[in-house]
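The values are calculated or read from the model by the stated rules, or taken from the named source; none is laboratory data. The model shown is predicted, which means the values in this text are computed figures rather than measured ones. All Cβ positions, glycine included, derive from the backbone under ideal geometry; neighbour counts span all protein chains shown.
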């Protein structure tokens, strides 16, 4: 790169995106900023230490997480005022997106200090880009674990005709899927696991047909599609079709039965699937 075109790194706060899995996704600009930082704030010094060590960066790491960010913020702001360069990184992806940092960021903005995003890997945009859904989306982040509060949230979201993006711990995926089936039966779903890693996988289906999982690990990015516009008119299942369904569910999965009968009889998958559940 022409030295004349290189960014002048002044004192301030830099929000530096780091890889969500594959270390080759680290940008040259991010590395340059981190190398020149006086302090690098991170959620977990052990995890971030491994990342920096890989790129031979030996700057001072300081722990900055949701339990100490209010206490640390004043110190960091004063440090920047002394013409220092401070970078903020998260364990993976882009800082402040469902991660600590918003308190520090707003304090710097209020103090009229220089703040700068260093873009890079993002689980949200990566998952949306391969979903096949609309590019109009609402990113929610982590959902509440409390059913009463979750009910209010999902009720407020169910009629929004955009894609919906959530971060969900793998251990809780079946709980949230059971809730999604109550509110989002008219949508498709993509579950992205271990993006950019060796075991990267994208699970695609319709909400009503998605199964429970026993083997998922880590943090999942889950995308619900915009509402599916039904082109066919829903109608009653005839007695002859009911007999056919009863025979098929003895041999095939509910998903296969719903897809086959839907195409053959011009019925909605939801209607067939609910009937299968009723008689099984």
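Taken residue by residue, region 232-252 has no member that is part of a loop (DSSP other than H, G, I, E, B) and either at pLDDT 95 or above or within 30 Å of residue 139 (Cα to Cα) (or both).
If only residues of region 245-258 that are in contact with a helix residue (DSSP H, G or I) (Cβ under 7 Å, 6 or more places away or on another chain) and farther than 15 Å from residue 181 by Cβ are counted, the one that is surrounded by the most Cβ atoms within 10 Å (Cβ to Cβ) is 257.
Against the condition surrounded by fewer than 19 Cβ atoms within 10 Å (Cβ to Cβ) and over 24 Å from residue 136 (Cβ atoms), how does residue 161 come out, does it pass? So residue 161 fails the test.
In the set 175, 202, only one residue is touching a residue at least 60 places away in the same chain (Cβ under 8 Å) and surrounded by 11 or more Cβ atoms within 10 Å (Cβ to Cβ); that residue is 202.
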